[in-house]
Amino acid sequence: MPEIKFGVTIDEELRKELDKIVGESEDLDLSRSEVVETILAAFFKSSVDHTKKARELIIKKRKGKL
């Protein structure tokens, strides 16, 4: 499947967590993009209702509970 590029704005703390994963995985030569893509792939391959789960997480984030 062809890959596409698009911009995403994330919280500074999330960027720090991504950088931590990248830094601790130098042997894999990871990029932030690869980490994010892998996390998204795992989410969409899970057996949860993706729309329901995404909405639940967004509501929690907006209430400051995530």
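The values are calculated or read from the model by the stated rules, or taken from the named source; none is laboratory data. Worth saying up front: this structure is predicted, and the values here are computed from it rather than measured. Because the Cβ atoms are built from the backbone with ideal geometry, glycine has one as well, and the counts that use them run over all protein chains shown. Remember, those area values only see protein heavy atoms, side chains included, never the ligands or the DNA or RNA. Shrake-Rupley method; radii C 1.70, N 1.55, O 1.52, S 1.80 Å.
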Notebook entry, point to check: Can you tell me how many residues in segment 1-43 are over 13 Å from the mean Cα position of the chain (by Cα) and among the basic types (Lys, Arg)?
Noted result: 2
Item checked: Candidate set from segment 2-21 (those that are among the aliphatic types (A, V, I, L, M) and part of a helix (DSSP H, G or I)); member that is surrounded by the most Cβ atoms within 10 Å (Cβ to Cβ) -> Leu18
Next item on the list: Go through (1) assigned to a helix (DSSP H, G or I); (2) open to solvent by 100 Å² or more (accessible area, probe 1.4 Å); (3) at pLDDT 95 or above one by one and return the number of the condition Lys61 breaks.
Entry: (3)
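Can you tell me how many residues within segment 43-58 are more than 25 Å from Lys5 (Cβ to Cβ) and open to solvent by 100 Å² or more (accessible area, probe 1.4 Å)?
Let us first name the residues in segment 43-58 that are more than 25 Å from Lys5 (Cβ to Cβ), namely 47-49, 52-53, 55-56.
The next check asks that each one be open to solvent by 100 Å² or more (accessible area, probe 1.4 Å); those that pass are 47, 52, 55.
Matching residues across segment 43-58 total 3.
Residues that are of a type in the set (S, T, N, Q) and open to solvent by 100 Å² or more (accessible area, probe 1.4 Å): does segment 30-42 have at least one? Reasoning before the result, please.
Quick first cut of segment 30-42, residues of a type in the set (S, T, N, Q) only: 31, 33, 38.
If we keep only those that are open to solvent by 100 Å² or more (accessible area, probe 1.4 Å) as well, we get none.
No, that holds for no residue.
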